[in-house]
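Data first, discussion second: the structure below is written as structure tokens.
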Amino acid sequence: MSALEIQNIRKSYGAVETLKGIDIALQSGEFLVLLGSSGCGKSTLLNIIAGLAEATSGDIRIADRSILGVHPKDRDIAMVFQSYALYPNLSVRRNIGFGLEMRKVPVAERDKAVQEAARLLQIEPLLDRKPSQLSGGQRQRVAIGRALVRKPQVFLFDEPLSNLDAKLRLEMRTELKRLHQMLKTTVVYVTHDQIEAMTLASRIAVMKDGRIEQLGTPEEIYNHPATLYVAGFVGSPPMNILDVEVDNGSLSIVGSDVRLPLPERFRPAASDGKQLALGIRPEALRLASADQSGGHALPARIEVVELTGPELVATARIGQQKLTACLAPRAKLGQGDAAVFLFDDDALHLFDRASGRACLA
Amino acid sequence: MERKSLLFTAFIYASALLLAVVILAPVLWLFIMSISPAADLSAKPLRWWPQEVDFSRYAVLLSTVENSAGASFVASLYNSLRIAGMATIAAIALAIPAGWAVSRTPAVGWSLSVVIATYMLPPVALAVPLYMGLAWLGLLNNIFGLALVYLTILAPFTTWLMKSGFDSIPREIESAAMIDGASLFQTLRIITLPLAAPVVATSALFALLLAWDEFFYALLFTSDLRAKTLTVAIADLAGGRVSDYGLIATAGVLAALPPVLIGLVMQRALISGLTSGGVKG
């Protein structure tokens with residue numbers, strides 16, 4: 001039995017179809033991240049689960065019960081909004097206990113639940129303040145606390161960290177992960193931040209134009225992107241995509257005379273003369289040197305070298321095509337240098353140019 | 001911050017003073033007239049300050065001796081209070097749900113525009129239909145009749161104000177309340193209305209002033225002490241063969257007092273900024 005089942009959900013606003021058939025089934029305790037750029041339909045999907053929007057067709061089931069047409073309060077969900085959506089005129093204590101208050105939970109029991117949530121989130125000293133007296137991170141904790149006390153079947157998060165500054169975002173991310181490990185509640189979390197998705201999710205659904213591009217664990221999404229879009233979206237800097245042509249059993253990089261052998265696993269999908277896209281992650285590249293050899297070699301000319309601290313990001317060109325590499329910070333490189341990058345066979349991805357889908361063996 | 005030159009500072013103060021004088025001078029003159037003896041008011045050249053201060057007109061207007069000018073004035077003051085009060089309370093009671101509905105349901109926004117459009121008609125265009133309507137209902141020269149007429153003027157205006165007030169409250173807060181299990185009525189009562197309190201207060205104050213100052217309909221639809229309002233009573237004072245300008249001025253001062261007092265009391269409620277902190281702004 002699934003904790004949350006999304007079956008062929010479609011949503012149209014007039015002639016515009018924002019969701020084009022979404023299917024996801026979640027086991028209890030899973031942390032699903034809906035990842036995509038703005039306008040991909042991820043927030044619409046979350047609102048449909050929450051009951052703030054109605055699907056045009058399809059079904060949503062929580063604990064095997066269809067919740068279409070069920071009032072949001074009866075769906076056994078709790079939601080944390082991007083803007084926090086705290087009640088400004090109520091104290092933190094009442095904000096957190098509001099859901100229980102509306103459900104006529106006795107005062108003593110409600111107070112206990114509020115205390116418990118406040119202890120978990122370390123906001124006990126703030127209970128008698130008003131939201132306007134809190135910092136952004138504290139407000140975020142209150143918003144989470146408000147969802148927590150309800151003990152719902154499913155937590156819904158709508159870009160909860162996007163209003164926080166970088167340092168606080170990192171802290172709250174870890175905090176969320178800790179909470180999820182402790183509570184083991186099913187979570188659906190919407191974000192456009194791929195780092196948040198990678199770190200938090202037990203499974204990621206990458207969305208684009210109202211469809212799911214790929215649904216899988218963070219490892220699968222990162223190591224085996226199903227489409228060019230996923231490959232480009234996840235990872236920072238994004239995966240290098242080079243235009244290649246299959247030529248006589250090898251890959252010829254368009255606009256240069258560099259050739260790479262075609263790995264065995266791609267042979268069935270790569271017929272001669274076919275236009276393909278070659279993907280290599282910047283962090284899979286390493287600089288060839290006396291003690292570094294083996295794997296495939298890519299000769300390139302260095303254009304820009306940027307030291308970020310933990311790594312050196314080198315932007316280079318192979319013919320007219322751009323290549324980015326994340327190298328060890330001590331690598332000796334300068335503008336205009338000719339360099340040879342090496343990478344292992346299993347770091348090579350191939351995509352069909354026309355369909356954008358991965359060529360899988 | 002940039003340091004301003006002395007000249008500029010002086011200019012700012014002079015401008016503020018000028019504005020204050022322009023606004024306050026008529027009020028001050030009204031008060032001076034009300035305490036000047038009749039002779040001083042018609043003297044040439046004009047006396048800017050009375051030779052002797054004379055508060056007797058206040059006593060005249062506030063006397064409760066039967067059939068006196070005072071009794072008539074006090075009755076009209078009471079009528080005005082009741083009519084403006086009833087119309088305002090009814091208008092706010094209507095405007096809160098109506099404004100909320102229009103704010104949260106953009107699809108029905110056109111209906112408010114239609115209502116506002118009727119507001120553009122000059123009052124004289126509606127005078128005859130309203131008169132006939134009130135006559136048919138038997139509400140001519142009746143405070144309920146006049147309050148009803150005022151309600152038709154105030155309700156669109158207050159609904160419009162309330163709608164813009166509700167518009168500024170994030171919908172996410174209400175969505176959160178809905179998920180938390182609050183009914184529509186609970187959401188309105190516990191969350192939305194307290195946040196909209198400054199707008200409610202502003203609407204109420206403006207509605208009250210509008211009804212308090214209305215003259216045209218009051219003149220047409222009332223005829224004696226049972227329903228006559230202050231504005232009509234003041235006009236009556238000026239309508240005789242001999243006009244006592246001092247008495248008119250005194251009536252004006254007394255008529256201005258209730259709204260001023262209500263305004264002072266409501267000032268605290270008018271302070272906005274209550275929504276800060278609920279959502280990231």
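Every number in this text was worked out from the coordinates using simple rules, so none of it is lab data. Owing to the predicted nature of the structure, the values given are computational and were not obtained by experimental measurement. Every residue, glycine as well, gets a Cβ built from its backbone with ideal geometry; the counts of neighbours run over all protein chains shown.
Things to note:
- Which of B:A101, B:L264, B:I83, positive extreme of dipole for segment B:70-280 (C-beta unit charges): B:A101
- Between the alpha-carbon centres of segment A:217-232 and segment A:263-305 there is a gap of 18 Å.
- With the highest mean first, a sort of the peptides A:8-15, B:27-34 on other beta-carbon atoms found within 10 angstrom per residue produces B:27-34, A:8-15.
- Based on the Kirkwood approach, the hydrodynamic radius assigned to the protein assembly as shown is 31.3 Å, with every pair of different Cα atoms included.
- For the residues A:L100, A:L148, A:L350, a GNM of chain A with alpha-carbon springs under 10 Å puts the largest fluctuation on A:L100.
- Entry note: segment B:39-190 has Rg to Rh equal to 1.19, where both radii use alpha-carbon atoms and Rh is the Kirkwood radius.
- Residue among B:P106, B:P170, B:P37 with the largest mean-square fluctuation in a Gaussian network model of chain B, springs linking Cα atoms under 10 Å: B:P106
- Largest first, the three principal axis extents of the alpha carbons in segment B:70-280 are 69, 37, 24 Å in whole numbers.
- Span from the segment B:21-98 Cα centroid across to the segment A:3-33 one, whole angstrom: 68
- Sum of -39500 (n - 2.57) over DSSP H runs of 4+, divided by residues of chain B (222 nm, nearest 500): -24000 deg cm²/dmol
- Size of charge dipole - the protein assembly as shown - debye, nearest 20, with Cβ of Lys, Arg +1 and Asp, Glu -1, no other charges: 1060
- For chain B, complete DSSP H runs whose alpha carbons reach 15 Å or more along their own long axis and whose mean Kyte-Doolittle score is -0.5 or higher are B:6-34, B:69-104, B:109-119, B:123-137, B:143-167, B:193-213, B:245-270.
- Per residue of A:88-95, other chain Cβ atoms within 10 Å of the residue Cβ number 4 on average.
- Stokes-Einstein diffusion for chain A, with the hydrodynamic radius set to the Kirkwood value over Cα pairs and evaluated at 4 °C in a medium of 1.567 mPa s, equals 57 µm²/s.
- R0 of 41 Å, Cβ-Cβ distance B:W48-B:I12: FRET efficiency to nearest 0.05: 0.90
- Each of A:D209, A:D64 was scored by other Cβ atoms within 10 Å of its Cβ. Arranged with the fewest first, they read A:D64, A:D209.
- Helical mean residue ellipticity (222 nm; -39500 (n - 2.57) per DSSP H run of 4+; nearest 500) of chain A: -7000 deg cm²/dmol
- Peptide B:166-179 is shielded by partner chain Cβ atoms: per residue, an average of 6 of them sit within 10 Å of its Cβ.
- The mean count of C-beta atoms from other chains within 10 Å of the C-beta of residues in A:49-55, rounded to a whole number, is 2.
- Remark: segment B:70-280 carries a charge dipole of roughly 160 debye about the Cα centre, counting +1 on each Lys and Arg Cβ and -1 on each Asp and Glu Cβ.
- As a size descriptor, the averaged projected area of the C-alpha convex hull of segment B:1-100 was calculated at 13.8 nm².
- Normalised by 2.2 N^0.38 Å, where N counts its residues, the alpha-carbon radius of gyration of segment A:1-79 equals 1.04.
- For the protein assembly as shown, share of DSSP beta bridges that run antiparallel, in % to the nearest 5: 75
- With N counted as the residues of segment B:1-54, its alpha-carbon radius of gyration over 2.2 N^0.38 Å works out to 1.77.
- Basic side chains Lys and Arg get +1 at the Cβ, acidic Asp and Glu get -1 at the Cβ, and with that the dipole of segment B:1-124 about its Cα centre reaches some 360 debye.
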